[in-house]
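What follows is a single structure, written as structure tokens, with notes after it.
The values are calculated or read from the model by the stated rules, or taken from the named source; none is laboratory data. The structure presented is a predicted model; accordingly, all values stated were derived computationally and were not measured. So basically every Cβ, Gly included, is an ideal-geometry build from the backbone, and we count neighbours across all protein chains shown.
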Amino acid sequence: MRGKQEQQITMLSALTPEQLVPQDHPIRRIKPIVDQALKELSPTFNRMYADVGRPSIPPEHLLKASLLIALYSIRSERQFCERLQYDLLFKWFLGLNIMDEAFDASSFSKNKERLLEHRVAREFLTAVVAEARCRKLLSEDHFSVDGTLLESWASLKSIHPKDGGEPPQPGERNPDVDFRGQSRTNDTHCSSTDPEARLARKGTGKEAKLCFAGHVLMENRNGLVVDVTVTRATGTAERDAALDMIEKVPGSKRITVGADKGYDTRDFVVACREMKVTPHVARRKWSIVDERTTRHEGYSLSQRVRKRIEEIWGWVKTVGGGRKLRYKGVERNQLWAELTAAAFNLVRMAKLAVA
């Protein structure tokens, strides 16, 4: 017998988003970790806002929203706010009621300066890493480091000479720009859209793009992100950022750091040894890393485990939206990278909780 289609009518309901989200949904294992981390950040949130005035969107909502954008591969903050209006899982994660209105997308941009000034994303990532340490998920002795190019939001058409030459004048919304026969380098040209982005290429024979450099420090026990940094794409950015992140590792005992052949340089290896760090670097043909390091079984183990760091970059670029950056400048992209790295850790910790 064919069922009849009932017309939707408005009615009073006693249901809450908590009752509608499945009990076995993976995000239920993520939410308590996020709530605890945000509770620890409450003193920082108090310093961010004045004691009087019109109440703003809670900063907890903005941080949770940024995590959902990464977890669910949402293209933009505006699209997230549109989805928040009808997605009950999103409302449950933010602690909203069914009938609560979604906030406007402009709330992100208006409050981002506060988040940047007080380094909230860094503190949040630190709180997530501290929770992983309390659960004994982190290695305190063995780490891996890697870098990659992150394509900037700026277009190649925005490049113009630094010596006062005018950028191409747009005749229409997407003008044709002919750079044939011109030599463009970072010394002579820059982008008018994002001056901090630099021309870089993945390797010989690859096309040059406007990029930033992303760097990750991973612990080797469960592949969690310990630190992440976004810098300008210079020729030595990978090694310089790696040394900065290694120097921040707490503790006074000797640690090991696995890395690919790009880190097999004299300045990097010598600097590591001066910091009591054993560089488990993949060897080039003429390598500075000798048998004092490679003869140990730990070297071979580090070389196998360090390849898991590619899983982080794969997740960041495919799920976390890092294939092409959404923001301009190093500072804003650093905030995005820290929140995205925290989202990756949360997913990994949720899986380890049921392993």
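A few notes on this one:
- Scanning region 246-266 for residues that are touching a Lys or Arg at 6+ places or on another chain (Cβ under 7 Å) and not hydrophobic (A, V, I, L, M, F, W, C) gives 254, 258, 261, 263, 264, 265.
- Checked against (1) over 22 Å from residue 307 (Cα atoms); (2) touching a residue at least 24 places away in the same chain (Cβ under 8 Å), residue 274 meets all criteria but (2).
- Contact map, region 213-242: residues that are at positive phi paired with residues that are among the aliphatic types (A, V, I, L, M) and surrounded by 23 or more Cβ atoms within 10 Å (Cβ to Cβ), Cβ distance under 9 Å, separation 6+ or inter-chain. Pairs shown: 223/309; 223/312.
- Any hit, region 245-252, residues being modelled with pLDDT of 90 or more, part of a loop (DSSP other than H, G, I, E, B), of a type in the set (Val, Ile, Thr) and under 28 Å from the mean Cα position of the chain (by Cα): yes
- Test result for residue 149, over 30 Å from residue 251 (Cβ atoms) and either modelled with pLDDT of 95 or more or not in a helix (DSSP H, G or I) (or both): yes
- Every test in (1) in a helix (DSSP H, G or I); (2) among the hydroxyl-bearing types (Ser, Thr, Tyr); (3) at pLDDT 90 or above is passed by residue 107 save one, and that test is (3).
- Taken over region 12-55, the criterion of being over 29 Å from residue 350 (Cα atoms) and not hydrophobic (A, V, I, L, M, F, W, C) is satisfied by 13, 46, 47, 49, 51, 53, 54, 55.
- Scope region 19-28; condition over 14 Å from residue 68 (Cα atoms) and either among the acidic types (Asp, Glu) or part of a helix (DSSP H, G or I) (or both); matching residues: 19, 20, 24
- Any hit, region 93-101, residues being crowded, with 17+ Cβ neighbours inside 10 Å and in contact (Cβ under 8 Å) with a residue 40 or more places away in the chain: yes
- Taken together, the residues in region 213-241 that are within 23 Å of residue 346 (Cα to Cα) and either over 17 Å from the mean Cα position of the chain (by Cα) or not polar (S, T, N, Q) (or both) amount to 16.
- For region 186-225, taking the residues that are assigned to a strand (DSSP E or B) and small (Gly, Ala, Ser), the one that is farthest from residue 237 (Cα to Cα) is identified as 191.
- Matching residues in region 109-127 - criterion: being surrounded by fewer than 23 Cβ atoms within 10 Å (Cβ to Cβ) and either over 16 Å from residue 338 (Cα atoms) or β-branched (Val, Ile, Thr) (or both): 109, 110, 111, 126
- Any hit, region 72-80, residues being under 25 Å from residue 131 (Cα atoms) and either among the hydroxyl-bearing types (Ser, Thr, Tyr) or over 23 Å from the mean Cα position of the chain (by Cα) (or both): yes
- Search result, residues across region 264-275 that are surrounded by fewer than 18 Cβ atoms within 10 Å (Cβ to Cβ) and within 17 Å of residue 299 (Cβ to Cβ): 273
- In region 39-61, the residues that are within 26 Å of residue 71 (Cα to Cα) and either at pLDDT 95 or above or of a type in the set (Phe, Trp, Tyr) (or both): 45
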